[in-house]
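The values are calculated or read from the model by the stated rules, or taken from the named source; none is laboratory data. None of these values were measured; they are calculated from a predicted model. Positions of Cβ are backbone-derived with ideal geometry, glycine not excepted, and every protein chain shown enters the neighbour counts.
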Amino acid sequence: RVYMDGCFDMMHYGHCNALRQARALGDQLVVGVVSDDEITANKGPPVTPLNERMVMVGAVKWVDDVIPDAPYAITEDFMNKLFTEYNIDYIIHGDDPCLLPDGTDAYALAKNAGRYKQIKRTEGVSTTDIVGRMLLCVRERSVSDRHNHSSLQRQFSSGHGQKIDDSGSGSGTRISHFLPTSRRIVQFSNSRGPGPDSRIVYIDGAFDLFHAGHVEILRLARGLGDFLLVGIHTDQTIR
């Protein structure tokens, strides 16, 4: 049994990939979700409250159990609790440094005890990156609105039918730096299709900034049949 913890605020693909890697290091994966107060004290207030983060983490197929209100740093008392009550063999974290406000390593105790294992951080996606993209979208929409307004003024004043570029200024900055490979997609897939007599249910959506409400509606949809097929709208459709 292995343990991994995290804030899992605005949960994204990188979090899921970390959980996938952690689960591969053991037979069962127990995940600790850091409390709102601990996040606020160490990183600032979370966007997503604990109860919603618990729903998100619990829905990931590689997670076997979830512990609420986990501490941000591994304390000696909590580490002993993991080993004795939860029968944890190893504590897992990514290869990115996790430092406390005083500069100390949040996983120092686990490392010193020889019960620590490390996984590779998923490059190109992070909560910080997502927040940055959100801010860029707002900025670009504002710039685009001003551009369109100026273009319309020029059209009416000159009498010429100038074409307005509705793509927005700097649209390339919204593109994620993360590029999934076919191998990675297969790692996330169940690799199975519906049976010959299966009731197939279809649901579609944008699923942008995936949240607990999305998890619930997918769970309800899955309960209506034997196989759930999900359609995801293209970026162009959403825009």
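Contact map, the stretch 198-218: first residue touching a residue at least 60 places away in the same chain (Cβ under 8 Å), second residue of a type in the set (Gly, Ala, Ser), Cβ cut-off under 6 Å, separation 6 or more or different chains; pairs are VAL215/ALA59. Just so you know, in the stretch 72-97 the residues that are hydrophobic (A, V, I, L, M, F, W, C) and touching a Phe, Trp or Tyr at 6+ places or on another chain (Cβ under 6 Å) include one that is surrounded by the most Cβ atoms within 10 Å (Cβ to Cβ), and it is ILE74.
Note on the stretch 197-229: residues that are of a type in the set (Lys, Arg) and surrounded by 13 or more Cβ atoms within 10 Å (Cβ to Cβ) total 1. For the stretch 40-61, the set of residues classified as hydrophobic (A, V, I, L, M, F, W, C) and modelled with pLDDT under 95 consists of ALA41, VAL47, listed by residue number. Please work out if TYR90 is within 25 Å of ALA212 (Cβ to Cβ), of a type in the set (Phe, Trp, Tyr) and at pLDDT 95 or above. Considered against the rule, which asks whether it is within 25 Å of ALA212 (Cβ to Cβ), of a type in the set (Phe, Trp, Tyr) and at pLDDT 95 or above, TYR90 comes out as no. Looking across the stretch 32-49, the residues that are of a type in the set (A, V, I, L, M) and more than 15 Å from VAL215 (Cβ to Cβ) come down to VAL34, ILE39, ALA41, VAL47.
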